[in-house]
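Structure record follows, encoded as structure tokens.
The values are calculated or read from the model by the stated rules, or taken from the named source; none is laboratory data. This one's a predicted model, so the numbers in the text were calculated from it and none came from an experiment. We place every Cβ from the backbone using ideal geometry, glycine too, and count neighbours over all the protein chains shown. The accessibility values were calculated without ligands, DNA or RNA, using every heavy atom of the protein model including side chains. Shrake-Rupley method; radii C 1.70, N 1.55, O 1.52, S 1.80 Å.
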Amino acid sequence: MLSAADRERIEEAVRRAEQGTAGEIVVVVARRAGSYKSEPFLYGLLAALAVPWPLILATDLSAPRIFTIQVTVAALVMALASFLGHRAAPLALRRLRARSAAAREFFGRGLADTRGRTGVLLYVALCEHYAEVLGDVAIGREVAEEEWKGVIETLIRGLGEGRHADALVAAVDEIGAILARHLPPEAEAKDELPNRVVVI
């Protein structure tokens, strides 16, 4: 996914970006935002609930025969959903999981604990093709959500082309430029959060 050299390039981009702003940038790259282990069971359960009704209403099959068909269909649906993995989950659910994971990372990595409340998370979930920029309170007061959209669009395009490191470096550079316009560096700025790329 990201080589050691790629990580160093991104970390250098974070250091460079933070020199021009009071913002604290953290980059988190997740292979996937969720495990998607419950979906096969849910789909199997739904299939098991749906299958017997048409058979009861439209056929003369015995209850044991219908039960056998019900269990077989449920098992097949579960196997197919397990094989498909995250692709079996609806897009809205995948986005919701990625968004929730980004929020957990934001708070779990201490971005809400900076002195000036200037933490900014660049979160990427590769499996879901999802990226988000989350800013703390001071960032939210100064930077409109619309400004992050261009960063995300460029990042997603680069990731889709397989240029992970280049896309992340460009996104960090763009975040740094946006932050520099709104939150210039403080006189006694202290690097409160690690600049390393977190890969999970």
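Quick look at the numbers
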quantity: Scope region 157-180; condition of a type outside the set (G, A, S) and either in contact with an Asp or Glu (Cβ under 7 Å, 6 or more places away or on another chain) or surrounded by 13 or more Cβ atoms within 10 Å (Cβ to Cβ) (or both); matching residues; calculated: L159, R163, H164, D166, L168, V169, V172, D173, E174, I175, I178, L179
quantity: Any pair with Cβ under 8 angstrom, 6 or more apart, that starts in region 151-179 at a residue that is free of Cβ contacts under 8 Å to residues at least 24 places away in the same chain and in a helix (DSSP H, G or I) and ends at one that is among the acidic types (D, E) and open to solvent by 20 Å² or more (accessible area, probe 1.4 Å); calculated: T154/E174; G158/D166; A167/E161
quantity: Among residues of region 183-195, those that are surrounded by fewer than 17 Cβ atoms within 10 Å (Cβ to Cβ) and under 26 Å from the mean Cα position of the chain (by Cα), counted; calculated: 3
quantity: Check on E18, among the charged types (D, E, K, R), buried (at least 19 other Cβ atoms within 10 Å of the Cβ) and either without any contact (Cβ under 8 Å) to a residue 12 or more places away in the chain or in a helix (DSSP H, G or I) (or both); calculated: yes
quantity: M1, sole failed condition from (1) touching a helix residue (DSSP H, G or I) at 6+ places or on another chain (Cβ under 8 Å); (2) in a helix (DSSP H, G or I); (3) open to solvent by 80 Å² or more (accessible area, probe 1.4 Å); (4) touching a residue at least 60 places away in the same chain (Cβ under 8 Å); calculated: (2)
quantity: Residue in region 21-37 that is exposed (fewer than 12 other Cβ atoms within 10 Å of the Cβ), without any contact (Cβ under 8 Å) to a residue 12 or more places away in the chain, more than 30 Å from R196 (Cα to Cα) and of a type in the set (S, T, N, Q) present; calculated: no
quantity: The one condition in (1) within 20 Å of F106 (Cβ to Cβ); (2) in contact with a helix residue (DSSP H, G or I) (Cβ under 8 Å, 6 or more places away or on another chain); (3) in a loop (DSSP other than H, G, I, E, B); (4) not hydrophobic (A, V, I, L, M, F, W, C) that P194 fails to fulfil; calculated: (2)
quantity: Single unsatisfied condition, V198 versus (1) more than 30 Å from L93 (Cα to Cα); (2) in contact with a strand residue (DSSP E or B) (Cβ under 6 Å, 6 or more places away or on another chain); (3) of a type in the set (V, I, T); calculated: (1)
quantity: Breaking point among (1) open to solvent by less than 20 Å² (accessible area, probe 1.4 Å); (2) touching a Lys or Arg at 6+ places or on another chain (Cβ under 9 Å); (3) assigned to a helix (DSSP H, G or I), for E11; calculated: (1)
quantity: Test: L134 is without any contact (Cβ under 8 Å) to a residue 40 or more places away in the chain, of a type outside the set (F, W, Y) and under 12 Å from V27 (Cα atoms); calculated: yes
quantity: Unmet criterion (only one of (1) touching a helix residue (DSSP H, G or I) at 6+ places or on another chain (Cβ under 7 Å); (2) buried (at least 20 other Cβ atoms within 10 Å of the Cβ)) for I139; calculated: (1)
quantity: Matching entry among G23, G85 (being touching a Phe, Trp or Tyr at 6+ places or on another chain (Cβ under 9 Å) and of a type in the set (G, A, S)); calculated: G85
quantity: Matching option when the condition is open to solvent by less than 20 Å² (accessible area, probe 1.4 Å) and hydroxyl-bearing (S, T, Y), among Y130, Y123; calculated: Y123
